[in-house]
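The values are calculated or read from the model by the stated rules, or taken from the named source; none is laboratory data. As the structure is a computational prediction, the values presented were derived from the model and not from experiment. Here Cβ is always computed from backbone atoms with ideal geometry, including for glycine, and neighbour counts include all displayed protein chains. Accessible surface is based on the protein model in full, side chains and every heavy atom, while ligands, DNA and RNA are left aside. Shrake-Rupley method; radii C 1.70, N 1.55, O 1.52, S 1.80 Å.
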Amino acid sequence: MRRNSRARLGVSLLLVAGALGLGATPSTAAPADAPAAPSAIPAPSAYALDAAVERRLGAATAGTYLDRKTGELVVTVTTDRAEEQARATGATVRRVARSAAQLDAVVETLEAEAKITGTSWGIDPRSNQVAVEADSSVSARDMARLEAVAERLGGAVSISRVPGVFHREVLGGGAIYGGGSRCSAAFNVTKGGARYFVTAGHCTNISANWSATSGGSVIGVREGTSFPTNDYGIVRYTDGSSPAGTVDLYNGSTQDIASAANAVVGQAIRKSGSTTKVTSGTVTAVNVTVNYGDGPVYGMVRTTACSAGGDSGGAHFAGSVALGIHSGSSGCSGTSGSAIHQPVVEALSAYGVTVY
């Protein structure tokens with residue numbers, strides 16, 4: 001897998017809580033107290049095992065996922081040697097038809113022949129396929145083109161339509177402010193005693209200076225940004241504050257963040273953002289490419305969490321584990337969404353920072 005009172009209150013309740021937002025056209029969203037999706041909640045050891053499998057097997061595995069009933073990590077393999085190595089890690093093993101190399105070749109074919117705005121694709125190890133989504137902006141002609149490419153790939157691709165249109169969720173006004181737009185801070189991070197927050201790169205592309213209120217004093221200055229291709233950025237606090245490393249649960253409490261990891265297909269996640277507040281979902285694909293209108297992003301994670309205009313840059317997490325930075329979605333229907341996140345581990349590594 002590519003794998004805080006008003007100006008100051010703005011920092012302590014917005015950034016400390018790490019969940020503000022950047023959005024486009026708002027859509028129906030699940031309330032903050034919506035029931036969690038029926039998906040596995042990983043034990044901390046599952047993340048460590050997933051990382052160990054990736055280190056040991058690399059491309060010899062066709063992907064990992066959490067079994068919904070048992071919560072155990074399942075490793076997919078295509079060879080006896082890989083099965084032996086996977087069992088040595090203590091993981092449950094499943095033989096599948098397509099190898100990582102074959103799935104990567106499918107992705108490369110889609111990239112070369114079906115790069116259509118309004119589509120996304122990623123690897124779903126549960127089905128041992130590349131799962132493609134096409135939003136409502138994809139024309140009948142382009143759908144026919146996409147389906148023709150998929151047919152040639154012999155069952156290695158599944159295609160589904162999703163409502164709405166994939167977009168970076170950008171909206172003027174509200175939450176933290178820069179360049180006339182509002183965004184969410186994802187997680188507070190630190191390096192060498194200095195405090196920062198990470199957010200979406202399409203947010204930090206907009207402005208170098210960020211405030212906690214519209215027209216308010218600057219609380220932080222951009223020190224890095226990456227979009228498209230990636231979707232992460234970092235802002236250094238310049239107002240002397242030392243915000244806590246928590247995420248706002250929008251019910252009067254917060255969630256402490258103690259570590260960061262890559263999400264695993266099948267696991268439960270929560271998303272915190274200023275528009276849809278806290279919503280829940282399941283990770284459905286990794287290594288996801290999203291073809292936004294202003295450029296593609298790669299190595300993302302697809303979930304079923306709801307999101308809407310005002311949520312970009314927000315936090316995707318599971319318990320005390322930071323997982324991702326909210327990038328965008330095609331909207332939300334009832335309690336079923338398509339929230340996409342940038343893996344936070346990649347952003348932390350790029351900037352040499354840690355959650356706390």
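Per residue, the accessible area of region 261-356 comes to 19 Å² when a 1.4 Å probe rolls over the protein heavy atoms.
Under 5 Å between amide hydrogens, built in the peptide plane, is the criterion, and for Gly224 it picks out Ile234 among residues at least 5 positions away or on other chains.
Annotation: extensible slack from Asp104 through Arg145 equals 12.8 nm (criterion: 0.36 nm per residue apart, minus Cα-Cα distance). A protection proxy built from the mean count of other Cβ atoms within 10 Å ranks the segments 61-71, 269-279, most packed first, as 269-279, 61-71.
Accessible area of region 307-346 with a 1.4 Å probe: how many percent of it is carbon plus sulfur?
50
Each peptide in 233-244, 305-316 gets a packing score, the mean of other Cβ atoms within 10 Å over its residues, and the list from highest to lowest is 305-316, 233-244.
Dipole of the chain, Cα-centred, from +1 at each Lys and Arg C-beta and -1 at each Asp and Glu C-beta, to the nearest 20 debye?
Its charge dipole is roughly 400 debye.
In the chain, if the dipole is taken from +1 on Lys/Arg beta carbons and -1 on Asp/Glu beta carbons about the Cα centre, which of Tyr196, Thr284, Gln85 is farthest to the positive end? Sorting the options by dipole projection puts first Tyr196.
Would you mind working out the accessible area per residue for region 186-231, using a 1.4 Å probe, and quoting it in Å²?
Numbers: 1580 Å² over 46 residues.
Per-residue accessible area for region 186-231 comes out at 34 Å².
Projecting label points 7 angstrom from Cα along Cα→Cβ for Arg95 and Arg161 puts them 3.9 nm apart.
Among the trypsin sites (Lys or Arg not before Pro) in region 112-153, those located in a DSSP loop and surrounded by at most 16 other Cβ atoms within 10 Å of their own Cβ are Lys115. According to the square roots a ≥ b ≥ c of the eigenvalues of the Cα gyration tensor, what is the shape class of region 207-356, taking rounded for a/c under 1.5, prolate for a/b larger than b/c otherwise, and oblate for the remainder? Rounded. Surface composition of region 162-265: carbon and sulfur make up 46 percent of the accessible area, probe 1.4 Å.
Just the number, please: percent antiparallel of the DSSP beta bridges in the chain, rounded to the nearest 5. Taking every DSSP beta bridge within the chain, about 85 percent pair in antiparallel fashion. For the chain, the Cα gyration tensor yields ellipsoid semi-axes of 33, 23, 17 Å (square root of five times each eigenvalue, largest first, whole Å).
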